[in-house]
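Undergrad: I have a structure here, written as structure tokens, and I will follow up with some questions on it.
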């Protein structure tokens, strides 16, 4: 994602170090993807959609994610991904 963000519109914050400054409980932040858009903290598929809206080439996807039925489908896909993520991470080691 960083290489698509040529304008530098996205600021990535690592909350994994124990001394990181976190707006929420650290474990909550590590459990799901989070993003802030216009001062609103978003989580899961909503956070990805916000990130897409910040990158011109992905902006249409982010806008489509505002449609409720698409937003629900993306959140379901995100939750399914969270279930298989540990297995994927273990296989990459």
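The values are calculated or read from the model by the stated rules, or taken from the named source; none is laboratory data. Note that the structure is a prediction, hence the values are computed from the model and not measured. Positions of Cβ are generated from backbone atoms using ideal geometry, with glycine treated the same way; all protein chains shown enter the neighbour counts.
Undergrad: Quick one: in region 37-54, of everything that is out of contact with any helix residue (DSSP H, G or I) (no Cβ under 8 Å at 6 or more places or on another chain) and surrounded by 13 or more Cβ atoms within 10 Å (Cβ to Cβ), which residue is modelled with the lowest pLDDT?
TA: Checked region 37-54; the qualifying residue modelled with the lowest pLDDT is 41.
Undergrad: While we're on this one: Does residue 9 satisfy the criteria of being in contact with a strand residue (DSSP E or B) (Cβ under 6 Å, 6 or more places away or on another chain) and not in a helix (DSSP H, G or I)?
TA: No, not satisfied.
Undergrad: Tell me, which helices (runs of 4 or more DSSP H) lie completely within region 17-84 with 2 or more residues that are over 14 Å from the mean Cα position of the chain (by Cα) and closer than 23 Å to residue 3 by Cβ?
TA: 59-64
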